[in-house]
Amino acid sequence: MNPEDRYVVIDVETAQSYDHIIEIAAVEVLGRTISPRTFVRRVKPRSAMSPFCYAVHGISLADLEEEPYFEHVVHDLIDFVGSDTIIAHNYAYEYNTLRREFERADQPTYARDRFLCTMALAKRSGLPGKLRQACRQVGIGIAHLRAEHDALNDALLAAHLFLKLSPTEQ
């Protein structure tokens, strides 16, 4: 990892497993530092809310009634991410969810090879696959978080985990 490298750590919360984003957050990482620049949007889904997904994040359809649809925020996301590497914890979830949303919005999807996975980094380091458990084991504080997930805090946790597990340049 070079000090000049830029990464964007993304997390999504969904209405259905692997589909229908309701909240998306992106955190900028510059070299070995988490930048204060973030992208956070709530999105009105075009689907019902799965009881399982609601239990994970605690965001209801009523909470999203006044929010824009994904196609109204996708250009802002594309601008924020730019052409840089995308990092996600369990990247397959974010990749597949984003791919579906981009297709519905008639936008070219991100290439799979742009993604790095902090879950894979964690497992290679002998850590659990769950984000909060891996963070706790490497000393990243999680006590301040509520039980339900939210995209910004999960993106920040993944960013911290990425920095903790990524080798520094010699």
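The values are calculated or read from the model by the stated rules, or taken from the named source; none is laboratory data. Treat the numbers as computed from the prediction; the structure is a model and nothing was measured. Positions of Cβ are backbone-derived with ideal geometry, glycine not excepted, and every protein chain shown enters the neighbour counts. Keep in mind that these areas ignore ligands, DNA and RNA; they rest on the heavy atoms of the full protein, side chains included. Shrake-Rupley method; radii C 1.70, N 1.55, O 1.52, S 1.80 Å.
Summary table below
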| item | result |
| --- | --- |
| Among residues of the range 65-102, those that are without any contact (Cβ under 8 Å) to a residue 60 or more places away in the chain and either in contact with a Leu (Cβ under 9 Å, 6 or more places away or on another chain) or aromatic (Phe, Trp, Tyr) (or both), counted | 7 |
| Residue in the range 1-22 that is farthest from Leu163 (Cα to Cα), counting only those that are free of Cβ contacts under 8 Å to residues at least 40 places away in the same chain and loosely packed, with under 14 Cβ neighbours inside 10 Å | Ser17 |
| Residue, farthest from the chain's Cα centre (by Cα), within the range 65-83, restricted to residues that are in a helix (DSSP H, G or I) and of a type in the set (D, E, K, R) | Glu71 |
| Pick from the range 39-64, criterion in a loop (DSSP other than H, G, I, E, B) and within 22 Å of Val27 (Cβ to Cβ), ranking: most open to solvent (accessible area, probe 1.4 Å) | Gly58 |
| From the options Thr33, Thr97, residue that is of a type in the set (Val, Ile, Thr) and loosely packed, with under 15 Cβ neighbours inside 10 Å | Thr33 |
| Criterion (more than 27 Å from Arg132 (Cα to Cα) and touching a residue at least 24 places away in the same chain (Cβ under 8 Å)) met by exactly one of Ala62, Ala105, Ala25 | Ala105 |
| Residue identified as open to solvent by less than 40 Å² (accessible area, probe 1.4 Å) and either among the aliphatic types (A, V, I, L, M) or in a strand (DSSP E or B) (or both) among Ala155, Ala147 | Ala155 |
